[in-house]
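Novice: Would you mind keeping the following structure in view while I ask a few things?
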């Protein structure tokens, strides 16, 4: 039941994002793809996965109490819940402090939550959190000709 509710929620969010991505500006002469191309691909993949989860939820014949199964799901998958909360904070900070800094902070927090806390991993995590946003920005601006905030 939880998978069914989650898949419906993901489909609704994907629909909202798809409608919003239609409002992006058109492709200019310098750009290879329109700004809505990559978000549309992600939204379509997300929708296909949510539909497959929705169909799979009907094949599972478990009859559980919704609140009990939701509580068990959150306890078992607490990292997913925390990551979603961090993602909402990241999206909120993106227009305020920009892509580079907000992505660095988001990656540092996610790496800290998902990885082991050891000194050697800390150095690698900090380096990745700094290098990845610059690499992503370079790919988008130099190759795709899409400028990030």
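The values are calculated or read from the model by the stated rules, or taken from the named source; none is laboratory data. Remember, predicted model here, so these are calculated numbers, not experimental data. Cβ coordinates were reconstructed from backbone atoms using ideal geometry, including for glycine residues, and neighbour counts include every protein chain displayed.
Novice: Which residue out of 110, 126 is within 30 Å of residue 4 (Cα to Cα), in contact (Cβ under 8 Å) with a residue 12 or more places away in the chain and not assigned by TED's automatic domain parsing to the domain that holds residue 10?
Specialist: Result: 110 is the single residue among 110, 126 that is within 30 Å of residue 4 (Cα to Cα), in contact (Cβ under 8 Å) with a residue 12 or more places away in the chain and not assigned by TED's automatic domain parsing to the domain that holds residue 10.
Novice: Assuming residue 131 fulfils every condition listed in (1) touching a helix residue (DSSP H, G or I) at 6+ places or on another chain (Cβ under 8 Å); (2) under 22 Å from residue 38 (Cα atoms) apart from one, which condition is it?
Specialist: (1)
Novice: Give the residue that is surrounded by the most Cβ atoms within 10 Å (Cβ to Cβ), with candidates limited to residues of the range 1-39 that are without any contact (Cβ under 8 Å) to a residue 40 or more places away in the chain and in contact with a helix residue (DSSP H, G or I) (Cβ under 6 Å, 6 or more places away or on another chain).
Specialist: Going through the qualifying residues, I end up with 14.
Novice: Could you say whether any residue in the range 113-123 is part of a helix (DSSP H, G or I), within 22 Å of the chain's Cα centre (by Cα) and surrounded by 15 or more Cβ atoms within 10 Å (Cβ to Cβ)?
Specialist: There is no residue in the range 113-123 that is part of a helix (DSSP H, G or I), within 22 Å of the chain's Cα centre (by Cα) and surrounded by 15 or more Cβ atoms within 10 Å (Cβ to Cβ).
Novice: Run down 101, 89, 43 and say which single residue is assigned by TED's automatic domain parsing to the domain that holds residue 6, surrounded by 13 or more Cβ atoms within 10 Å (Cβ to Cβ) and either at pLDDT 85 or above or closer than 21 Å to residue 140 by Cβ (or both).
Specialist: 43
Novice: While we're on this one: For the range 56-73, give me each residue that is modelled with pLDDT of 80 or more, within 18 Å of residue 8 (Cα to Cα) and surrounded by 11 or more Cβ atoms within 10 Å (Cβ to Cβ).
Specialist: Selection gives 56, 57.
Novice: Does residue 82 satisfy the condition of being surrounded by 11 or more Cβ atoms within 10 Å (Cβ to Cβ) and within 19 Å of residue 130 (Cα to Cα)?
Specialist: no
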